[in-house]
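A quick write-up on the structure given underneath.
The values are calculated or read from the model by the stated rules, or taken from the named source; none is laboratory data. Remember, predicted model here, so these are calculated numbers, not experimental data. Cβ sites come from the backbone with ideal geometry, for glycine too, and all protein chains shown count toward neighbours. These accessible areas exclude ligands, DNA and RNA; they are computed on the full protein's heavy atoms, side chains included. Shrake-Rupley method; radii C 1.70, N 1.55, O 1.52, S 1.80 Å.
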Amino acid sequence: MAIYTIQINYKEVTIDVPAEKPVLWVLRDDLGLLGTKYGCGIAQCGACTVHLNGNPVRSCALPIASIGKGTLLTIEGYASKKHPVFKAWEEINVPQCGYCQTGQIMSAIALLNRNKNPDDKAIDAAMNGNLCRCGTYYRIRKAIKRAAKLN
Amino acid sequence: MSKNLQTIGRRDFIKVSALTTGGLLLGIQFSCSNSTKDKAAKGILHRLNAYLSINTNGKVEIYNPVPEIGQGVRTALPMLVAEELNVAWQNIIVKQADASEAYGGYDQSAAGSNSVRFYWEPMRKAGAVARELLLQAAAAQWQLQEKVCYIEDGIIKNHLNSKELGIGDVAQQASTYKIPENVSLKTPNEFKFIGKSVKNPDIHEILSGKAVFGLDVRIPNMLYASMEKSTTYGATVLSFDASDALKVPGVKYAFKVSLHGIPERPFCREGVSVVGDSVWSVLQGRKALKITWDLGANTKESTQRLHEIGNRLVEKKGEAVVKNMGNVYSDLNTSKNTLEATYHLPFIAHIPMETVNCTIDLKDDSCEIWSTTQVPFADLNFLSNFFELPIERVKLHVTRIGGGFGRRLGPDFTIEAAKIAKELKQPIQYFWTREDDIRFDAYRPFSYHKLMAAWDNDLKITSWLHRQSGTSRYAFRPNKEPFESEFFPNNFPANLIANFRQEYSLIVSNINRSLIRAPGNNALAFVVESFIDELAHKTGQDPLLFRLNMLSMEDKEFSFEANSTISTKRMKGVLKLAAEKAAWGKQLADGRGMGIAGYFTFDTYVSHVADVSVDETGNLTIHKFTSAIDCGQVLNKDGVIAQIEGAIMDGLSATLFQEITISQGSTNEGNFNNYGVLKMSQSPIDINAYIVEGNYPPTGVGEPPYPPVAPALCNAIFAACGKRIRKLPIENQLKI
Ligand code: FES
Ligand code: FES
């Protein structure tokens, strides 16, 4: 166990956890931030996507010790802000079961933050790591384009 | 579905009372299925806790009886109440009902695309009764006749003056009245919500990460539990050493949990459970266990063996004749024109995005459960028996659920959770990892199909033989024939061909299998609709026209099952609509092709047209799906379209990638790195789904669009490049 002070959702928190504990489980077990989901544990599904210094990362494969002074943002950090992605997602009524959606949104926000007007290829590249078992891809693609317009 | 005055009988068992805050509380007995009705008639029903309530602030709370697994039931069923009540959708608050006979008991299952069929009438009656009571109260206050009063968007108005009252204003008064003896339900032309699209009531919770899925349940003092099992099916624990596991910080206990069921084919495998104060500790604890296994009876089992047997069995007459009309064998023997083809479908796993889990707080004299089950009432009964607690002392809540696909119909994870909970004095959340989910799943049956057909000089099909060999889901069920779960003997083209025969042979295997989205149909649709396509091409006919001809000009209806018919008219309707919208028959570039398939599942008709390209090097691109559905009366239109889109993606995942293989009794696949799910870049950019309007009662939409996906895709591949796909998945046959 070791003490880590991390920047998360604009706040500083201190935790005492094993160095190899993935950020996903720090969020869920230790910080009660449950919007970030477990889907595979091996960086294959994207359900656990968070932003580290603005980049989308799979938190299930990110040991807490590797964060250092980086800043983390989770869905809870974004949900309070009014990013157009939320509005677009709502307009297009994207979710089915909803389980993958927070991860999808985190990847979509990261994409739109660096590419104001992504085309299909850019959407494919940015979203390919986020699986949706309910098959909402068609609407996710539409919603990303819609969010780009709303931006 | 004609307009009618509905009698509110004793079976509806409605009770009106006041909310503590002054509003109206309506207890409703959702007595829908025959089984419940029979019991009601015998007077067993006495609990009254299903309700909708109307607050003085005008908000309406509606309890949704069926688990939400992404099929949209938390939108569709409350819509029925809102429709009859005439309230604005934003004033509806949807609550999730616990498992209870009062909400329909076994009808609460998310299975068989049944919810709208079961709850179509009871939910509307609930809304209509509330509406009558509110109108009575308003009429009394205005000293007008009730029949001049009406509700519009939650506001009570009348035809004589401009006075208005909110429904909340009279809710308390309404709560003092007796239930009316009759209520009238709207006719379809009066519907305001039904048939249109409404917003998902949970959208904000989902998008902000606040929705509580099973894995998000947190109760005070709760521990986490998971179980290490052998990948070899039927293995048992000879001995284990948990000393290292118990050294992992946070791990509290480790103990053996014995198997459930028959040793060589257990329903729940044996294993060693690890319990700790965090998920991460439990996962580390599992890794640190040292277990010596007795590998059991299945170490020689492999999919290779099943391939050999399955292939061999369809080469000879089947063990069971499922259906036989005319004389197929003599017609095949005497015909000049015949075609035969053999198809294969592999085991596939369900892989809901949220792995199965169950949280149990077991006390000496009561128990509370938060589950991700698709069958809450069955689980409630099981747990009450298992814990030897009267059912009234057991509460089973259903959380939001991250996908179902049939995975949560079997109570394996619930049984394991219950066994672990019994050992402890603390509440636990029991969970499976993704590896557990794929390796320890019960799979869609493995099957081989050989089809043979003959046609006459007019190119009309005269005989059809379908032999199937497979690991039936019903193989070990007492009082069931193995073929019963694997054939729907009256589905098309039955009754359309003079000589028609289906045969089944069982591949005996212990490998665990179960229902997956549109069970049986998801395999049959691929085989039947691919072979029909082969016959169309072989006889030089357009695949759409060939199907329409087979269904005949004349409209016919046949009996399908008890209380269910199958109609050529409705099948032709979806085929024609999808084809027309896809511009079927238009000139396409070289290497591009369209394929069509239509299938009948759970009383709903769906047709897809797939539009694909295959280039010279075998690269497959799926451009577009155009779909048509006839599910009778539509409830939430956007929900129907969403289910079609989702089923197409799910169908593509299965058709392109999914296959569970077994070696030495153990599943080789174990996570998304070797068990594929369709990705964004592989998904069609364009999906257009259309609804056939018609005056039929509502039927389900969660499953029926799934079965025809595989044949539509494979038929399009043939049209594009001449390659016929007869074995799934496609993965190694083309570049995806
Ligand atoms: S849980 Fe992290 S990518 Fe799947
Ligand atoms: S919405 Fe269910 S997994 Fe994506």
Inside the range B:315-348, can you point out the residues that are within 29 Å of B:Ile262 (Cβ to Cβ), open to solvent by less than 30 Å² (accessible area, probe 1.4 Å) and in contact with a Leu (Cβ under 9 Å, 6 or more places away or on another chain)? B:Ala320, B:His344, B:Leu345, B:Pro346, B:Phe347, B:Ile348
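Go through the range B:393-437 and report how many residues are touching a strand residue (DSSP E or B) at 6+ places or on another chain (Cβ under 9 Å), within 16 Å of ligand 2 (Cβ to nearest atom) and not in a strand (DSSP E or B). If you could, list the steps in order and put the result at the bottom.
Initially, the range B:393-437 is screened for residues touching a strand residue (DSSP E or B) at 6+ places or on another chain (Cβ under 9 Å), giving B:393-402, B:406, B:408, B:410-433, B:436.
If we keep only those that are within 16 Å of ligand 2 (Cβ to nearest atom) as well, we get B:399-402, B:406, B:408.
Now drop any that are not not in a strand (DSSP E or B), which leaves B:399, B:401-402, B:406, B:408.
Number of matching residues: 5.
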Go through (1) open to solvent by 10 Å² or more (accessible area, probe 1.4 Å); (2) within 12 Å of chain B (Cβ to nearest Cβ); (3) among the aliphatic types (A, V, I, L, M) one by one and return the number of the condition A:Val17 breaks. (1)
Output the residues belonging to the range B:154-194 that are surrounded by fewer than 17 Cβ atoms within 10 Å (Cβ to Cβ), of a type in the set (S, T, N, Q) and part of a loop (DSSP other than H, G, I, E, B). B:Asn161, B:Ser162, B:Thr176, B:Thr187
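In contact with a helix residue (DSSP H, G or I) (Cβ under 6 Å, 6 or more places away or on another chain), charged (D, E, K, R) and farther than 30 Å from B:Ser302 by Cα: does that describe B:Asp216? Lay out the reasoning, then the answer.
Working: in contact with a helix residue (DSSP H, G or I) (Cβ under 6 Å, 6 or more places away or on another chain): no; charged (D, E, K, R): yes; farther than 30 Å from B:Ser302 by Cα: yes.
It is false that B:Asp216 is in contact with a helix residue (DSSP H, G or I) (Cβ under 6 Å, 6 or more places away or on another chain), charged (D, E, K, R) and farther than 30 Å from B:Ser302 by Cα.
In the range A:95-122, which residue that is more than 16 Å from ligand 2 (Cβ to nearest atom) and under 17 Å from the mean Cα position of the chain (by Cα) is most open to solvent (accessible area, probe 1.4 Å)?
Residues of the range A:95-122 that are more than 16 Å from ligand 2 (Cβ to nearest atom), as a first pass: A:109-122.
Okay, now just the ones that are also under 17 Å from the mean Cα position of the chain (by Cα), so A:109-115.
Numbers: A:Ile109: 0, A:Ala110: 3, A:Leu111: 5, A:Leu112: 1, A:Asn113: 80, A:Arg114: 156, A:Asn115: 48 Å².
Residue satisfying both the conditions and the ranking: A:Arg114.
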For the range A:65-81, enumerate the residues that are farther than 19 Å from A:Gly103 by Cβ and either of a type in the set (A, V, I, L, M, F, W, C) or outside the structural domain of A:Cys48 (by TED's automatic domain parsing) (or both). A:Ala65
Would you mind stating whether B:Pro478 is more than 16 Å from B:Val528 (Cα to Cα) and at pLDDT below 95? yes
Among the strands (runs of 3 or more DSSP E) contained in the range B:544-637, which hold 2 or more residues that are closer than 25 Å to B:Lys723 by Cβ and under 25 Å from the mean Cα position of the chain (by Cα)? B:592-601, B:604-614, B:620-630
A:Ser59 versus (1) more than 10 Å from every other protein chain (Cβ to nearest Cβ); (2) of a type in the set (Gly, Ala, Ser); (3) more than 16 Å from ligand 1 (Cβ to nearest atom); (4) within 13 Å of the chain's Cα centre (by Cα): which is the lone unmet condition? (3)
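Can you find even one residue in the range B:149-163 that is within 25 Å of the chain's Cα centre (by Cα) and at pLDDT 90 or above? Steps first, answer last, please.
Within the range B:149-163, the subset within 25 Å of the chain's Cα centre (by Cα) is none.
Taking every residue of the range B:149-163 in turn, none turns out to be within 25 Å of the chain's Cα centre (by Cα) and at pLDDT 90 or above.
Quick one: which residue in A:Ile3, A:Ile75 is open to solvent by 40 Å² or more (accessible area, probe 1.4 Å) and of a type in the set (Val, Ile, Thr)? Working first, answer last.
Details: A:Ile75 fails: open to solvent by 40 Å² or more (accessible area, probe 1.4 Å).
Every option except A:Ile3 fails the conditions.
Considering only the range A:44-56, state which residues are over 21 Å from A:Cys134 (Cβ atoms) and within 10 Å of ligand 1 (Cβ to nearest atom).
Residues of the range A:44-56 that are over 21 Å from A:Cys134 (Cβ atoms), as a first pass: A:50-55.
The one that is over 21 Å from A:Cys134 (Cβ atoms) and within 10 Å of ligand 1 (Cβ to nearest atom): A:Val50.
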Consider only pairs whose beta carbons are under 6 Å apart and that are at least six residues apart or on different chains; among these, list those whose first residue lies in the range B:235-261 and is at positive phi and whose second residue is assigned to a strand (DSSP E or B) and open to solvent by 50 Å² or more (accessible area, probe 1.4 Å). B:Gly261/B:Phe267
Hey, B:Lys727 touching a residue at least 12 places away in the same chain (Cβ under 8 Å) and farther than 18 Å from B:Asn521 by Cα or not: no
I need a count of the residues in the range A:20-56 that are within 11 Å of chain B (Cβ to nearest Cβ), within 16 Å of ligand 2 (Cβ to nearest atom) and either open to solvent by less than 10 Å² (accessible area, probe 1.4 Å) or in contact (Cβ under 8 Å) with a residue 40 or more places away in the chain (or both). 9
Can you run down the residue pairs with Cβ atoms below 6 Å, 6 or more apart or on separate chains, where the first is in the range B:667-683 and within 9 Å of chain A (Cβ to nearest Cβ) and the partner is assigned to a loop (DSSP other than H, G, I, E, B) and aliphatic (A, V, I, L, M)? B:Asn671/A:Ile42; B:Val677/A:Leu131
For the range A:130-151 the number of residues that are among the small types (Gly, Ala, Ser), open to solvent by 10 Å² or more (accessible area, probe 1.4 Å) and at the interface with chain B (Cβ under 8 Å from one of its Cβ atoms) is 0
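I'd like to check which strands (runs of 3 or more DSSP E) are fully inside the range B:219-319 and have at least 1 residues that are among the polar types (S, T, N, Q) and within 22 Å of B:Pro482 (Cβ to Cβ). Outline the logic, then answer.
On the way: elements: B:223-229, B:236-241, B:251-257, B:260-262, B:265-268, B:271-276, B:290-294.
So the answer is none; nothing clears 1.
Condition first: part of a helix (DSSP H, G or I) and within 16 Å of ligand 2 (Cβ to nearest atom). Now tell me which residues in the range A:79-94 satisfy that. Even if it seems obvious, please write down each step before you answer.
Taking the range A:79-94 and keeping what is part of a helix (DSSP H, G or I), we get A:79, A:84-92.
Across the range A:79-94, the qualifying residues are A:Val85, A:Phe86, A:Ala88, A:Trp89, A:Glu90, A:Ile92.
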Read through the list (1) within 34 Å of the chain's Cα centre (by Cα); (2) of a type in the set (Asp, Glu); (3) at pLDDT below 90, then give the number of the only condition that B:Glu190 fails. (3)
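How about the range B:105-153: which of its residues are charged (D, E, K, R) and open to solvent by 40 Å² or more (accessible area, probe 1.4 Å)? It would help to see each step written out before you state the result.
Kept after step one, since they are charged (D, E, K, R), are these residues of the range B:105-153: B:107, B:117, B:121, B:124-125, B:131-132, B:146-147, B:152-153.
Once the filter is applied, which keeps residues that are charged (D, E, K, R) and open to solvent by 40 Å² or more (accessible area, probe 1.4 Å), the range B:105-153 yields B:Arg117, B:Glu121, B:Glu146, B:Lys147, B:Glu152, B:Asp153.
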Condition first: in contact with a Gly (Cβ under 7 Å, 6 or more places away or on another chain) and within 14 Å of chain A (Cβ to nearest Cβ). Can you find one or more residues in the range B:298-312 that meet it? no
Scope the range B:351-406; condition open to solvent by less than 10 Å² (accessible area, probe 1.4 Å), over 25 Å from B:Asn522 (Cα atoms) and among the acidic types (Asp, Glu); matching residues: B:Asp379
Restricting attention to the range A:62-78, and to residues there that are part of a loop (DSSP other than H, G, I, E, B) and of a type outside the set (A, V, I, L, M, F, W, C), which single residue is farthest from the other protein chains (Cβ to nearest Cβ)? A:Lys69
Taking the range B:638-654 and keeping only residues that are over 15 Å from the mean Cα position of the chain (by Cα) and more than 9 Å from chain A (Cβ to nearest Cβ), one is left with B:Ile641, B:Ala654
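Taking into account only those residues within the range B:684-702 that are at pLDDT 95 or above and either in a loop (DSSP other than H, G, I, E, B) or facing chain A (nearest Cβ under 9 Å) (or both), which is most open to solvent (accessible area, probe 1.4 Å)? First the steps, then the outcome.
Restricting attention to the range B:684-702, the residues satisfying the condition of being at pLDDT 95 or above are B:684, B:686-692.
Of the ones still in play, those that are also either in a loop (DSSP other than H, G, I, E, B) or facing chain A (nearest Cβ under 9 Å) (or both) are B:684, B:686-687, B:692.
Values: B:Pro684: 1, B:Asp686: 57, B:Ile687: 7, B:Val692: 32 Å².
Step by step, filter the range B:684-702, then rank; the result is B:Asp686.
For the condition assigned to a loop (DSSP other than H, G, I, E, B), touching a residue at least 24 places away in the same chain (Cβ under 8 Å) and not assigned by TED's automatic domain parsing to the domain that holds B:Ala642, what is the one hit in B:Ala137, B:Ala110, B:Ala130, B:Ala126? I'd like the intermediate steps shown before the answer.
Values: B:Ala137 fails: assigned to a loop (DSSP other than H, G, I, E, B); B:Ala130 fails: assigned to a loop (DSSP other than H, G, I, E, B); B:Ala126 fails: assigned to a loop (DSSP other than H, G, I, E, B).
Criteria check complete, one pass: B:Ala110.
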